[in-house]
Structures are given as C-alpha cells and as structure tokens.
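Please read the structure below before turning to the comments.
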Amino acid sequence: MRNLTVLGSTGSIGTQTLDVVRKNSSELKIVALTAGSNTELLKKQMEEFKPELVCISDEKKVSELRETALLYNIKVVSGMDGLIEAATLEHCDTVVTAIVGMIGLRPTVAAIKAKKDIALANKETLVTAGHIIMPLAKEYGVDILPVDSEHSAIFQALNGENHNRIEKILLTASGGPFRGRTIEQMKNIQVEDALKHPNWAMGRKITIDSSTMVNKGLEVMEAKWLFGVTYDQVQVIVQPESIIHSMVQFKDGAVMAQLGSPDMRLPIQYALFYPDRPYLDSKRLDFYELGKITFEKPDMENFRGLKLAYQAGNAGGNLPTVFNAANELAVSKFLNRKIGYLDITGIIEYAMNNVKKIENPSLQEVLDTEKTTYELIESRW
Ligand code: NDP
Ligand code: MG
C-alpha cells in the first residue's frame with residue numbers, strides 16, 4: 001500500500017489523481033489532501049477518501065470543514081504551515097504536487113527533507129529552484145517522478161537507458177489554440193478564446209500558459225533539471241495532434257518516443273506505480289483512424305514566451321524565477337481582465353530586463369525574487 005498526500009486535490013491534476021486512486025484502492029491510499037479555497041469539493045473528497053488531515057489555504061474557510069472533519073475524525077489545518085504539515089505527514093510515502101504556482105516550492109522542499117517521494121506536476125518548483133530541488137532529492141535519497149505528460153514520456157523513453165547517452169530531448173508541443181497566428185492577429189484575444197485548448201482539459205493558468213507557449217518554455221527548464229541536460233540539448237517540436245508526448249534521441253541516432261491518447265491519468269498512474277503499468281481504462285490510439293502525425297518548427301517570433309524562456313534558462317541564476325513569477329502575475333491579471341493578451345509576454349520581458357540578477361540563488365533569494373518581481377510589475381501595471 002502506498003500512502004499519498006495530494007497537494008491541490010481540487011484541481012485538474014488533483015481530481016485526476018484521485019480518480020487513479022479510486023480505481024486502485026487496494027494499492028493506493030490517501031492520507032492528506034489540500035485545496036486553496038474550494039471547500040465544497042474538498043468536503044466531498046473528505047467523505048470519500050477519509051484522509052488523516054486536510055489543509056485549506058484560505059484560513060477563513062476552516063470553519064466550513066468542521067462538521068465533516070468531526071464526523072470522520074480528520075485534522076484540519078490551513079496556510080503555508082498547513083501545506084507543509086500535509087507534505088511531511090508521518091504516514092505519507094509520496095507527495096503528489098498538483099498545486100499551481102510557486103506556492104508549491106516550500107512544501108516540496110519540506111517533503112523531500114522528510115524523505116517523501118515526489119510525483120511532480122508543479123513544474124514551477126523545478127523552474128525556479130531546480131538547482132536546489134534536484135541535489136536535495138539526491139541527498140535525501142528520494143525519487144522525483146514526473147507527472148507532466150512530456151516529462152513522463154521522456155522518463156518512459158529513458159527506462160533502462162544510460163542518461164549519459166542522451167543526445168537530445170525532443171519536447172513536443174501542441175502549439176496551442178493560436179498556432180499559425182501573427183502578433184497582429186493575437187492583439188485582441190480575450191480570456192474565453194485563450195481558455196480553449198485544442199487537446200487537453202487543464203487548469204486555467206496552464207491553459208493560458210499553453211496558448212502563449214510559456215508552458216513549453218517552463219517545460220524546457222523542467223526537462224533540463226529532471227534529466228540533467230543543457231538547453232542546447234532540448235529541442236521543441238510542434239506536433240499538433242498531441243499523440244507523441246515527447247521523444248529522446250540517443251548518441252547512436254535512435255529515437256525513442258512515447259505515444260498515447262491525451263489523458264493525464266496515464267502519466268499520473270505511471271508516476272505512482274513506476275515501473276509497473278497496471279490497467280487504465282483510457283481511450284486507445286487507433287492508428288488507422290489517426291492516419292498521420294504532423295510536425296512543425298515552433299514559431300518563436302510570434303510566440304515570444306518560448307524564446308524568453310530559453311533566454312531566462314540560459315542566463316540562469318534567478319532569471320527563471322523572474323520569468324516564472326512575472327508570468328504568474330501577468331496571467332492572473334489577464335484572467336482578471338486587467339491587461340491584454342500580448343501584455344503577458346511584454347511583462348515577462350520587462351521583468352527579466354529590470355530585476356537584479358542573482359547567481360545561484362538560495363531558497364530565500366528565490367522567494368525574495370518572486371516578491372521583487374511582483375512589486376516591480378505592480379508599480380507599472
Ligand atoms: P488547477 O488550477 O486546476 O488546480 C490547482 C490546485 O491548487 C487546486 O487544488 C487549487 O485549490 C490549489 N491552489 C491554487 N492556488 C492555491 C494557493 N494559493 N494555495 C493553496 N492551494 C492553491 O491546476 P492544474 O491541476 O491544471 O495544475 C496544477 C499543476 O500541475 C501546475 O503546476 C501545472 O502547471 C501542472 N500541470 C498540469 C497539467 C494539467 O493537465 N492540468 C499538465 C501538466 C502539468 P482550489 O481548487 O481550492 O482553488
Ligand atoms: Mg505538459
């Protein structure tokens with residue numbers, strides 16, 4: 001039996017993780033769940049999974065959980081301390097980081113120090129602090145198992161292979177809903193347009209990130225840390241059908257790929273059962289129906305999010321944190337209709353040019369950089 005804490009259990013990855021648990025209840029057990037503010041769904045999850053502990057980040061909402069908590073003898077905590085308590089619970093073996101944004105950083109560090117394996121969906125953690133997380137995981141002997149579909153594909157392609165023999169990581173991208181458009185044609189994009197992804201149903205933030213290609217930029221950085229490669233070794237390939245989830249090219253020229261229907265439960269389940277592959281009731285690929293798979297070069301001139309990500313990654317230090325924090329704030333402003341669509345990348349670029357560079361930032365300096373980036377943006381937008 002593997003005991004799980006799910007950070008962000010009410011979100012897209014969180015609910016799909018619970019679906020995997022539901023279908024494998026003799027092997028997976030929930031010990032802790034956390035949400036930001038959605039008490040209605042969290043209550044239902046408490047009734048179904050009866051965890052030892054739940055955390056609701058919004059402290060004002062604790063009282064809404066009291067009755068259900070009493071009924072099932074569940075401890076209720078809140079805030080950052082609560083997230084850390086959930087991530088370090090004694091009976092937990094694996095923490096699924098399905099929380100969105102840099103808020104996931106401190107609980108992930110705490111979980112590693114408590115020797116919990118990490119099923120990592122929260123890519124923002126590796127983007128901003130990969131240089132801290134990866135050595136820490138090694139030091140504490142914990143596994144970081146990728147949940148992001150591309151990274152899971154790469155991880156699967158690397159099964160049994162020597163990592164020193166990687167020549168290139170071929171990171172696939174759908175290109176998002178605006179693939180093929182020019183900057184001029186993207187000026188008036190509204191929130192509703194950007195929230196429609198052609199192949200994947202995901203949380204709001206990552207859906208916007210996919211439309212700007214910032215998501216692919218974050219994934220380039222995530223791949224660098226997970227697989228120990230350089231940025232020159234990560235090549236993005238647009239594959240609009242989202243059938244090939246990514247590939248690895250080895251030094252002998254062989255290319256290994258993982259294919260499948262777009263369904264996040266596969267990478268979630270693989271991270272939880274690795275290296276086993278239990279049955280999953282997902283749609284199978286029908287190659288006759290599919291007919292063909294197409295490939296394109298990413299358009300980095302009109303989709304500046306990807307270009308800026310490579311720049312931030314290559315610059316290193318706290319620049320990936322500036323890139324990520326600026327994007328988080330800009331996306332939330334766009335979702336609240338405070339800025340236009342193209343302002344998202346404009347804000348990222350402005351922040352990257354104006355926040356003071358720090359080489360090899362400590363965890364505190366990463367968090368300080370997030371704050372400085374927010375203050376800089378708030379003073380102008
Ligand atoms: P969602 O927005 O759907 O869910 C986010 C979860 O985090 C919810 O449980 C939410 O709680 C909680 N949360 C949000 N803000 C806070 C906060 N300030 N404090 C505490 N909890 C908070 O996101 P996704 O599931 O789409 O994404 C989660 C992570 O996984 C992201 O890092 C994303 O990049 C990554 N990912 C997602 C994929 C997908 O298919 N969705 C694919 C690959 C990676 P509440 O519901 O109460 O707001
Ligand atoms: Mg992905």
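Couple of notes before you dig in:
- Of all residues in the range 192-213, exactly one satisfies the criterion of being within 11 Å of ligand 2 (Cβ to nearest atom), of a type in the set (A, V, I, L, M) and in a loop (DSSP other than H, G, I, E, B), namely Met202.
- Subset of the range 36-51 (residues that are away from ligand 1 (no atom under 12 Å from the Cβ) and not in a helix (DSSP H, G or I)): Lys50, Pro51
- Considering (1) within 12 Å of ligand 1 (Cβ to nearest atom); (2) free of Cβ contacts under 8 Å to residues at least 24 places away in the same chain; (3) more than 24 Å from Ile339 (Cβ to Cβ), the lone condition that Asn162 does not fulfil carries the number (1).
- For the range 137-152, the candidate set comprises residues that are hydroxyl-bearing (Ser, Thr, Tyr) and within 17 Å of Ile169 (Cα to Cα); within that set, the residue that is farthest from ligand 1 (Cβ to nearest atom) is Ser152.
- One residue from Leu4, Leu33, Leu18 being in a helix (DSSP H, G or I), more than 8 Å from ligand 1 (Cβ to nearest atom) and within 21 Å of the chain's Cα centre (by Cα): Leu18
- Candidate set: the range 192-203, residues that are touching a residue at least 24 places away in the same chain (Cβ under 8 Å) and touching a helix residue (DSSP H, G or I) at 6+ places or on another chain (Cβ under 6 Å); chosen: the one farthest from ligand 1 (Cβ to nearest atom): Ala194
- When Ser63 is tested against (1) without any contact (Cβ under 8 Å) to a residue 12 or more places away in the chain; (2) of a type outside the set (Phe, Trp, Tyr); (3) part of a helix (DSSP H, G or I); (4) closer than 25 Å to Val20 by Cβ, only condition (4) is not met.
Every number in this text was worked out from the coordinates using simple rules, so none of it is lab data. Owing to the predicted nature of the structure, the values given are computational and were not obtained by experimental measurement. Glycine gets a Cβ as well: all are built from the backbone with ideal geometry, and neighbour counts include every protein chain shown.
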